[in-house]
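Here's the structure we're looking at; comments come further down.
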Amino acid sequence: ISLAAGTGSIATTTITDSLIVDTNTLYVDASTNNIGIRETSPIAPLDILVTSDGAGIQIRRDSITSGDYAGLYFKTYTNNNDTSFANQRNKGEILFENTGGSGQGKLHLAVNTSANAESATLSNARLTVSETGNVGIGDTSPLSLLTVGAGDLFQVGSTGNATTSGWFNIGSTD
């Protein structure tokens, strides 16, 4: 099939063999149902060959509003009767949250363990890497290099000193 630039269209076309676009730009292997981008022998459902540092998959939201986010969603259940995105049960997500107008932000790993149709959101963040490099486990605004628990209950600073706002036990609590 050949279309001149800016002309023509294809309504529905069935291709019964492999599909190759521009030698190795896009390859669909009909025998395995795998798709390759810059890869002519895809070994996974989506196989992308990156040929330089910094290249890869981009997921983006064109917004400069603080608190907006874009993400990569994971799920293991599909309700074929409900096609709305809100009810797709994306229980695991990797989210990038915008925290300023220049694209800086936080990276979150979110998990929703509720037995319902809801997907994970920022409120389900279990691990956060802040724009300053601080890591929070159960804390989306970590104040130290490593923070555990909401409200910075346990902190380890860049010098290795640990602090806590509660009890700190080493060994037996007897």
With a sphere of radius 9 Å drawn around the Cβ of Ser119, what net charge do the other residues whose Cβ falls strictly inside it have (Lys, Arg +1; Asp, Glu -1)?
-> +1
Taking H as built 1.01 Å from N, whose amide H comes closer than 5 Å to the amide H of Asp68, not counting residues under 5 places away?
-> Asn98
Mind listing the phi-derived Karplus ³J(HN,Hα) values for region 43-54, rounded to whole Hz, using 6.51, -1.76 and 1.60 with θ = phi - 60°, and x for any glycine or proline?
-> 10, 9, x, 9, 10, 10, 8, 9, 9, 7, 4, x
With 0.36 nm assigned to each residue of separation and the Cα-Cα distance removed, Thr163 to Ser141 gains 6.3 nm
Could you rank the peptides 66-72, 33-39 by their average count of other C-beta atoms within 10 Å per residue, with the highest value first?
-> 33-39, 66-72
What are the residues whose amide H is under 5 Å from the amide H of Ser18, where those residues sit 5 or more places off or on another chain and H is modelled from the backbone?
-> Ala30
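How much net charge surrounds Ser41 when only the other residues with a Cβ under 14 Å from the Cβ of Ser41 are counted, with Lys and Arg +1 and Asp and Glu -1? Don't jump to the answer; show the numbers that get you there.
Numbers: positive: Arg38; negative: Asp29, Glu39, Asp47.
Surrounding charge for Ser41 is -2.
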Between Ser63 and Thr13, what length in nm is gained on full extension when 0.36 nm per residue of separation is reduced by their alpha carbon distance?
-> 14.4 nm
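Every number here is computed from the coordinates shown, using simple stated rules; none is lab data. Everything quoted here is computed from the prediction, not taken from an experiment. Glycine gets a Cβ as well: all are built from the backbone with ideal geometry, and neighbour counts include every protein chain shown.
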